[in-house]
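Everything on this sheet refers to the single structure shown next.
The values are calculated or read from the model by the stated rules, or taken from the named source; none is laboratory data. Because the structure is predicted, anything quoted here is derived from the model rather than measured. Positions of Cβ are backbone-derived with ideal geometry, glycine not excepted, and every protein chain shown enters the neighbour counts.
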Amino acid sequence: MKKLILLSALALAVPAWANGTDMAAPSEAAKKKETKKTEPEKFKFTDIKVNPTTSVKNQNKTGTCWSFSGTSFLEEDIMKKGGPELDLSEMYTVRHCYIDKAKKFMRTQGNINFAQGGGFPDVVYVAENYGMVPEEVYSGLNYGEEKHNHGELANALTAYINAIVKNPNRKLSTAWLDGFIGILDAYLGPEPESFTYNGKTYTPKSFAKELGFNADDYIMITSYTHHPFYKPFAVEIADNWLWAESMNVPMEEMKAIVDNAIENGYTVAWAADVSEKGFKWKDGFAVLPAPTDEADLEGTELSRWVKLSAADKEKERYDVKGPVKEVDVTQESRQKGFDNFETTDDHGMVIVGIAEDQKGNRFYKVKNSWADDHIYGGYFYVSEPYFLDKTIDVMVNKKAVPAEIAKKIGL
């Protein structure tokens, strides 16, 4: 009996680890609490200066951002001059650009880019040479769709023009251009020779004149070192079919022009690269995160980092939710990105204001043309480093150029 009691006592005295259990082990809830990662701080933007804009539009399934952003820029410039708030037709511009692009395509025997893309000078070019019309007069939706979708149209025009440029008759016929325009008429609708708007009859040219449009009011600005500063050149991008010139200035002066425009009530048409991993449209911002410097890490953070693969390090670099250290952009790094195809001509938008995040970092507020059902209602925020590095060119009203820069470029 004593022996039995002794054995029972010994059993009770066996430490928990001998049975494969740990009395000090945390509960499941505690485990989850320990392993739960701290949520990164999300961006909080405060608008500092925002200029009046017209409504956000939707280019939908088209490559015509240049027309939407360029038209928005002109609408806002008309407002700045004291004119009415308008909704001008983007497709009127697209139609005329297609026609004149096709003519140039033929004259160069097919040796220019023929595609949906274009640039801000195209919008000014059409307004100057053909005029403007309101959206309600020419929507360009003549093919059974409620929203723009140019997949079929673009393919039809491209196939047609490529067939004609092969010159199968050994001489171009007098019918080729009429056939091309016929496709545009079928999809976008015939061009209005005149129209009535607010009880008054106009032609497209008289409408543009009444709005006070003047092509000489605007200038394109860029910043690259493969051409001399303070002289114009045609930026070497495929969509610049007009071979329109931009004035070349140092990077910081390009930024100064944009800042001065916003501060003085002007919006700015902005062409940039949006294919970067730091361009997070759905989250409402675009940033240029700097690579992680191992010298800034220590302890467990460093030991974890060095074990990551190159792909995982790249993924972490762009897993941005809030304020982050960004690349220090220089004139040289900007040029390198353009020359090695890291910076590409992707998209046209409108800079409408200046903002700050919760850390005091400056951002530009940008109006897009991808509808208004997004986090900031069709707008988003672009950091200054992203702007400096990824801008192709901008268009501004000449009055928005600071006096000291205007003198350098001969305005």
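Have a look at 294, 252, 356 and point out the one that is surrounded by fewer than 13 Cβ atoms within 10 Å (Cβ to Cβ) and either modelled with pLDDT of 95 or more or under 18 Å from residue 394 (Cα atoms) (or both). After applying the criteria, what remains is 252. Among residues of the stretch 255-278 being modelled with pLDDT of 95 or more and among the charged types (D, E, K, R), the one that is surrounded by the fewest Cβ atoms within 10 Å (Cβ to Cβ) is 263. Residue 49 meets each of the listed conditions (1) crowded, with 17+ Cβ neighbours inside 10 Å; (2) in contact with a helix residue (DSSP H, G or I) (Cβ under 7 Å, 6 or more places away or on another chain); (3) within 30 Å of residue 361 (Cβ to Cβ) apart from (1). Of note, residue 300 does not satisfy the criterion of being on the phi < 0 side of the Ramachandran plot, among the hydroxyl-bearing types (Ser, Thr, Tyr) and at pLDDT 95 or above. For the stretch 120-138, the set of residues classified as in a loop (DSSP other than H, G, I, E, B) and touching a strand residue (DSSP E or B) at 6+ places or on another chain (Cβ under 7 Å) consists of 132, 133, 135, 137, listed by residue number.
For the criterion of being in a loop (DSSP other than H, G, I, E, B), touching a helix residue (DSSP H, G or I) at 6+ places or on another chain (Cβ under 9 Å) and not small (Gly, Ala, Ser), residue 56 passes. Can you tell me how many residues within the stretch 257-282 are within 16 Å of residue 369 (Cα to Cα) and assigned to a helix (DSSP H, G or I)? Number satisfying all stated conditions: 2. Against the test of being crowded, with 17+ Cβ neighbours inside 10 Å, in contact (Cβ under 8 Å) with a residue 40 or more places away in the chain and among the hydroxyl-bearing types (Ser, Thr, Tyr), the options 143, 125 yield a single qualifying residue, 125.
Of everything in the stretch 381-410 that is assigned to a loop (DSSP other than H, G, I, E, B) and at negative phi, the residue that is surrounded by the fewest Cβ atoms within 10 Å (Cβ to Cβ) is 402.
Being assigned to a loop (DSSP other than H, G, I, E, B) and out of contact with any Asp or Glu (no Cβ under 9 Å at 6 or more places or on another chain) is the requirement here; does residue 169 meet it? Answer is yes for this residue.
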